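Read the structure below first, then the notes.
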Amino acid sequence: MNVVIALTITGILNLFGSIFSYRKITPLLSIIGLTTAIVFNSMYWNTNQSFFNHMMVVDNYAVAFGTVCMVLAACLIIFYNRFMGDNDHHLPEVLSVIVLSVDGAIVMVSYTNLLMLFLGVEILSISFYILAGLKKKDLGSNEAAIKYFLMGAFSTGFLLLGITLIYGATASFDLSVISEYVKLNSTSTNYLLLSGVLLILVGLLFKVAAAPFHFWTPDVYQGAPTIITAFFATVGKIASFGAFYRLFQMCFSPIVNEWSGVIMVVAIITMFIGNITALQQKNLKRMFAYSSIAHAGYMLLALLSHDYLGGNAILFYSIAYGISSMSAFIIIHIIQTQTGTDEAMGFAGLVHKNKTLAMITAISMLSLSGIPLTAGFFGKFYLFSSAIESGYVLLVCLAVINSFIGIYYYFKPVIESYFKDSITDDVIKLKSVETILLIFLSIATILLGIFPGLVPAI
Amino acid sequence: MNSTPIDFFPIVIQFFVAAGFVGITMFATHFIGPKLNTRKKLKPFESGVQSVGNARQPFAIKYFLTAILFVLFDVEVIFLYPYAVNFLELGMSGLITMLLFMGLLLCGLIYVIRSGALDWE
Amino acid sequence: MNTILSIVPIQYYIILSAILFSIGVMGVLTRSNAIIIFMSVEIMLNSVNLLLAAFSTYHNDAAGQIFVFFIMAVAAAEVAVGLAIIVMIYRNINTIDIYNLNKLKG
Amino acid sequence: MTDLVWLVPLLPLIGFIINGLGFGKISKNTAAIIGCGSVFLSLIIVAGIFYEDLGRGGEAVQKTYFTWITAGNLSIDFSLLIDRLSIVMMLIVTGVGLLIHIYSVGYMHNDVGFGKFFAYMNLFMFSMLVLVLGANYVMLFIGWEGVGLCSYLLIGFWYKNREYTAAANKAFIMNRIGDLGFLLGLFLIFKTFGTSDFQRVFSSVQSFSSGDITITLITLFLFIGAMGKSAQIPLFTWLPDAMAGPTPVSALIHAATMVTAGIYMIARSNIMYALAPSTSEFVAVVGALTALMAGFIALTQTDIKKVLAYSTVSQLGYMFVALGLTAYSSAMFHVMTHAFFKALLFLGAGSVIHALSGEQNMRKMGGLRKHLPITFITMAIATLAIVGFPPFAGFFSKDEILTAAYSHSMFLFVILSLTSVLTVLYMFRFFFLTFFGEFRGTKYQIDHIHESPKSMTLPLLILMVLSAVGGGLGIPEALGGKHFLSEYFNHVFGGNTRIQSHEVSHFFEYGLMIISMVLIILIYQFTKQRYDKKVIGKSVEELKMSLWYKLSLNKFYVDELYDKIIVKPLNGMSNFFFNSIEKKVIDGAVNGSGQTVYFLSSMLKSLQSGNIGFYVLMMVIGIVAILFFSLINTITL
């Protein structure tokens, strides 16, 4: 399929950037490549084609999630130069890894075969291990990389064992065959199958950072370079949820009773751990890591819905969460480079330094906390109502309580930037393209908050 | 091709022979030879070159890099096996697919060579 | 080929793989050397490979064996990245004991 | 004009956008014109709608603009509902809002954040109008959150210190608890009716029997929402703290409009509440207790705005009692009159504060009637209106609620009557401390004292007229009047067959009026003596005088007697409620829950030890637990 091919070619071209001396144009090249891929991708809308001997199918679900991932990756690349500063010795290679990891994300949201799921997860994860350790001399970055790597590899083992057990039970890796088998055998318990499902569940819960498999998240998010953290928190999480929902709704929904309990408990623990621990975080990156854990808890609710509502809900939430966290992390980095602190007090008096930035901070925080008239509100609204439709009232109550706890810490940067005096009086200057991009993200947040119908149903 | 456990017996024998040979030679040399432990003798033997420092130290990164690259490219070869078994049935399209695959590997190789990872000096 | 399974039932393979996998898990749990942890992970992956091959034979379906190839290839890539990370850390702090890596916490 | 209803919320939004984006670039005059102008245009449209509605005879109109959200079989329209309830609310919001906007031009003229202030105020107007115009619970909720956000922004408008953080946090937590209730109610409505559209919900709710458990739950959840927003026990303590904001904000948001959102919401859902008698009962009791308690606390407050804040809480309690007694139109009547006189009181207080360069302590005021004549007169009318002296507005609306309480339950009636007495007490205390006696402030203040500019006194005068004659809309039949408002609302509440009648004999009504008048006059005398002529520090000669002389001088120790049997216990109660209940129990609960969460937070933090080994162990434990419980589960299935 054209999207994967376009991304791969872009990746390879980027790779050659430093050895054939065109490193200067590699960011441009990546953007062009990603744009091309986005265009290709959107052409698949409503076509439902299957590729590579039924290894992948590009349905609307895949198109939607793929587009989200690619757009976010494009935003990230625009900011990449600023983030790494002069230390861009490996710029072409890094861009190449980023683009190729998006390839993995595309595979993860459009697979119809467990082999492709595995490959997609690994393409994404291995790229992430590299990206986490990008700052070679920085101990935090080192630690993040090894933690991510060891635990990621460990969880891959469980994912693989799960896939193998399912293969053992069903004699196939193909999702349609597996789902037929599950449908036929949903009345009696097949332990091989059930264990396989649960182990895959574990593997994917690790990837989406749900408790108790979330421990890597805060450390990795804090240690990794900020822009890479933004990438993990947005593209990584969204692609993982894309894969998660696809598998469990397509294949395992007939035996939902056997895994819904696990998801419920995990969702509750995840939400509470994420939100409560985030309250006391001084370091903003760490706070957002916990908040992303909490978001994973909310998104797990969508997996419980019995019908296609969940898919729409998770897509909308992904978009809302993705754009808001992207701008949040970008702003954190800007603040961090300017004031030299990772803590919320770095935002003090932001409104006097750069009004646009303060405004964007406020909008993205409001959206993340789910205040109405921002995209985040409807994200939560869709998620919660899909869970309510499926009868999980208590779960939704707890989720609502959690989203209110969340508001508390999301307001920290907003309060700092509007109601506190700044430590320094420097004005923060941004390149016009960066300002435009940030404003674009904020406008998207508001627009989706007013017209949630803009996101098409899938 | 009916095989019974007894058909695996030669393998078992071979295993024991192999293990026994290793064990016997190791123990035998220990007991047969005279023991004369001098300072020089206890030093690690490095082809006659004077040994320097602790042996448990990081090896040169060159070895590491080369070894890793070898492993990577070596493992990719396993994809040639299924193709080799079926190449007649797969025909032209199979050939093109395989060429593409090798082409991608070649891109990697070009990168490795041009970025100087294999330069010894 | 199938007859192998009539002699050594599929359950044995499952149990063997499970034991191997558990050994791997225990290795990860008990060791503090990053490389040994990584080797334990490889044991886990290889136990999965074994099981896949067994199931592949059991079901008379080649897909399982192809999957093994992919796992091996991916594992090789993982090894490359993993060892690179470990080397990077060793250069910076002169140890690969994971218990020395707890600066990020809380 | 009805077709232009979409402009009503849109105009303030445009004002917000222009003022918000242009802050610092456009001049103060332009900002003021945009801020006030947008609200003014909205008011004109609302007036047009009001007029057309009168011609149409009160038929409700629902304007659906587009389908807003679709999720499965759930679809939410972006639609506005124009019926008499929303028209009245719109009139209050835009009318009082406009006056307060005009007032702010004078009040804020020296502030650097002038443009920002108007931007926030316009944003508030937008949210509030969405709240009252929305034709379904989702839009209501969005407006609800919007006004909360603006309130949060405006409370913190001036504050850069830590004190603000604590106050804002408290407001925040309490409102969140309320919102939680509201959201749960909203989700339950979705689950029960499959829609959130008012008209559809209310038509399908008719099939439920009275006292149905689902309906009771929904109404209870919604009421928790109302408790938070409208500051009822136990979620009321944020409102006095919210007085940290600029005074026009207190007038607009924390007195006239936002805090009545809870009352509006319950009045809107009257059909459901009438179906849930136990919830209604609960609403009435909570309202009555709040009214009493806040009345007591107001007795001893010294901050001029805090007195008014507690008074607001108390008056809101009245409205909830009316709602609980299914006297919805009386509640709305009181919402309206309260909006007039409480806005006036706050603006007057603002005028006083303005004149005294920011002084808020009533102990340091006094004798201001000479210096601030217009403020004095308007405040006098407002005070008379709030204490319920005929023929001012508060008299009629309060009288209606008292009558309703009497016809329903003696208990509520007694509490409300007691509260009325307290109201009179603290309002006259407030009035005399501020405007009579000697000036107790600094020399600097007395030199710089000045009557406020025209832009501030004009709204005061208009509101004074409204407070004076606003009661005319609801003159009870006992006085030979015609109750315009209750007839007007007949289209909204008339369809609700479960509203109890509150007929009482005319004789009782007369008695009530006379007694209340007499009481007011008595208390007037009492407080006048106490606070007006109070001499601080008696001379030595006085002590040597003969007993009789002393007796006569001290008016036969009547004052002291009063002190012993009335004032001391009252103050004691006040202190008890303020220090024990509010500070210890409620704030303690809020702080306690906060501390518990923080404690949990640090526990969970220490779980994140930084060791990969530990992380992996936790993962493995998790996996084992998942496998174990799932397999156990299948066995037991």
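Computed from the coordinates by the stated procedures, all read-outs in this text should not be read as laboratory data. A quick note: this is a predicted structure, and the numbers were derived from the prediction, not measured. Cβ placement follows ideal geometry from the backbone for every residue including glycine, while neighbour counts extend to all protein chains displayed.
Structure data summary
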read-out: Separation between Cα centres of the range C:78-95 and the range D:123-154, rounded to whole Å; value: 55 Å
read-out: Order by protection proxy (mean Cβ within 10 Å, highest first), peptides A:56-68, A:95-107; value: A:95-107, A:56-68
read-out: Long-range HN-HN contacts of A:Phe51 with modeled amide H, under 5 Å; value: A:Met56, A:Val57, A:Val58
read-out: Order by protection proxy (mean Cβ within 10 Å, highest first), peptides A:427-433, D:129-135, A:44-50; value: D:129-135, A:44-50, A:427-433
read-out: Cα shape, the range C:9-97, gyration tensor, a/c 1.5 rule; value: oblate
read-out: 10 Å Cβ neighbours from other chains, averaged over peptide C:41-53; value: 4
read-out: Alpha-carbon centroids, the range D:375-396 and the range D:190-210: separation in whole Å; value: 41 Å
read-out: Helix axis angle, A:26-43 relative to chain A longest principal axis, alpha carbon, degrees; value: 40 degrees
read-out: FRET efficiency for D:Gln62 and A:Val393, using Cβ-Cβ distance with R0 set to 45 Å, rounded to 0.05; value: 0.95
read-out: Contour excess over end-to-end distance, with Cα ends at A:Thr187 and A:Val265 and 0.36 nm allotted per residue; value: 25.7 nm
read-out: Cross-link pairs A:Lys24/C:Lys103; A:Lys147/A:Lys429; A:Lys420/D:Lys443; A:Lys412/D:Lys63; A:Lys420/D:Lys605 - those with Cα-Cα distance over 31 Å; value: A:Lys24/C:Lys103; A:Lys147/A:Lys429; A:Lys420/D:Lys443; A:Lys412/D:Lys63
read-out: Per-residue Cβ neighbour rank within 10 angstrom, fewest leading, B:Phe31, D:Phe157, A:Phe288; value: B:Phe31, D:Phe157, A:Phe288
read-out: Using alpha-carbon coordinates, inclination of helix D:587-607 to the longest axis of chain D, degrees; value: 40 degrees
read-out: Peptide ranges D:521-529, A:391-399 listed from the most packed, as the mean C-beta count within 10 angstrom indicates; value: A:391-399, D:521-529
read-out: Gyration tensor verdict on the protein assembly as shown (Cα atoms; rounded if a/c is under 1.5, prolate if a/b is larger than b/c, oblate otherwise); value: prolate
read-out: R0 of 51 Å, Cβ-Cβ distance C:Ile10-D:Asn490: FRET efficiency to nearest 0.05; value: 0.05
read-out: Order of C:Met26, A:Met271, D:Met410, D:Met362 under a 10 Å beta carbon neighbour criterion, fewest first; value: D:Met410, C:Met26, D:Met362, A:Met271
read-out: Separation between Cα centres of the range A:246-293 and the range D:263-309, rounded to whole Å; value: 39 Å
read-out: Sites A:Lys24 and D:Leu600, calculated FRET efficiency, Cβ-Cβ separation with R0 60 Å, nearest 0.05; value: 0.70
read-out: Local electrostatic count, D:Ala298, Cβ distance below 10 Å [Lys/Arg +1, Asp/Glu -1]; value: +2
read-out: With Cα atoms, 0 to 90° folded angle of helix A:309-339 axis to chain A main axis; value: 30 degrees
read-out: Pair D:Val518, A:Ile443: separation of 7 Å Cα→Cβ label points (nm); value: 7.1 nm
read-out: Spacing of the two label points (7 Å from each Cα toward its C-beta) at D:Val465 and C:Ile93, in nm; value: 7.7 nm
read-out: Exercise: per-residue mean of other protein chain Cβ atoms within 10 Å, C:56-66; value: 4
